[in-house]
1. Heavy atoms of the protein only, probe of 1.4 Å, neighbouring chains included. What is the accessible area of residue 140 in Å², nearest 10?
2. In terms of solvent-accessible area of protein heavy atoms at a 1.4 angstrom probe, what is the ranking of 132, 207, highest value first?
3. Give me the accessible area of residue 151, 1.4 Å probe, in Å² rounded to the nearest 10.
4. Assuming 1.306 mPa s and 10 °C, estimate D for the stretch 67-147 with Stokes-Einstein, Rh taken as the Kirkwood radius over Cα pairs, in µm²/s.
5. Put 201, 246 in order of accessible area, largest first, 1.4 Å probe: what do you get?
6. Taking the Cα atoms of the stretch 64-219, report the difference between the largest and smallest coordinate on each principal axis, in whole Å and largest first.
7. I'd like the Karplus ³J(HN,Hα) series for the stretch 206-222: coefficients 6.51, -1.76, 1.60, θ = phi - 60°, whole numbers in Hz, and an x wherever there's a Gly or Pro.
8. With Cβ to Cβ distances under 14 Å as the rule, what net charge do the other residues near residue 205 carry (K, R +1; D, E -1)?
Amino acid sequence: MFCQNLKHSRFCLQISISMASSGETARESIDARSDNQKQQQKKKNRAGAEDLQIEGYPIGGLSIAGHETCVIMPSLNLAFDIGKCPQRAISQQFLFISHGHMDHIGGLPMYVATRGLYRMAPPTIIVPKVIKESVEKLFEAHMAMDHSELEHTLVGLDVGEEFCVRKDLKVRAFKTYHVIPSQGYIVYSVKQKLKQEYSGRPGAELKSLRLLGVEITNTYTTPEIAFTGDTMSDFITDVDNADALRAKILIMEVIENALSALPPPLSGRVFALTNGF
């Protein structure tokens, strides 16, 4: 199990997306795209090399206390909080917002708008259910000013509720302790294993049982990554947050010294970001 204290770190990774102008000749456009692709690949390679690697997961993003927080998990195609919308976050399909403070949510309209500009799929944004209506109004105001659609899917999630990212990955919200409504998120891996009583049976028979609605597998979930956003150390002693402490990676932002409250199995396994990315 690892902890990651990000609040006073400075790290930033960028990608570059280039577009050929409509006035180029076909050959010039091809050459330009080729050059752009090479440059993009070089930058992606550099960015990947600069990611912090923990437990097999690359971690990137930006976190400056009071200014901007965005933590990117590129291998999972998701980000936690959006800060001022660092460019690399734009390529992440799923965005999980911990709370409504500007340094965590300020870049949200730009995130959606830029994905639309580059003709990416509309993103899915998960927010605490208590602020969902306010976020909807935020988008309405920007659409009225910008005369654009800002296509996206907005999901309100309460503490204890889950969101399925894909078949083998889900995220559950957990309670954090901040001066405004807030929550953290735990990413779980999900695996299906055939029940022992069906082991060795032909595939055709198993398929028939599935069609009949028979549960032939057991589901196993493992907490992989937990992200707190801003919180006091109370979240550590909350018995409902046990999975956050069991996760392979715990990414913490603290407004008091929560590290001293960590139990012994965790306290000696902390990665503090001092040099950044």
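1. Surface accessible to solvent at residue 140 totals approximately 110 Å².
2. Heavy-atom accessible area, descending, gives 207, 132.
3. 100
4. Stokes-Einstein gives a translational diffusion coefficient of 126 µm²/s.
5. Numbers: 201 95, 246 135 Å².
Descending accessible area places them as 246, 201.
6. For the stretch 64-219, the Cα spread along each principal axis is 60, 37, 27 Å.
7. 4, 4, 5, 5, 4, 5, 7, x, 7, 7, 9, 10, 9, 9, 10, 10, 10
8. That works out to +3.
The values are calculated or read from the model by the stated rules, or taken from the named source; none is laboratory data. Every value quoted in this text rests on a predicted model; they were computed, and no experiment measured them. Every residue, glycine among them, receives a Cβ derived from its backbone with ideal geometry; neighbour counts consider all protein chains shown. Accessible surface is based on the protein model in full, side chains and every heavy atom, while ligands, DNA and RNA are left aside. Shrake-Rupley method; radii C 1.70, N 1.55, O 1.52, S 1.80 Å.
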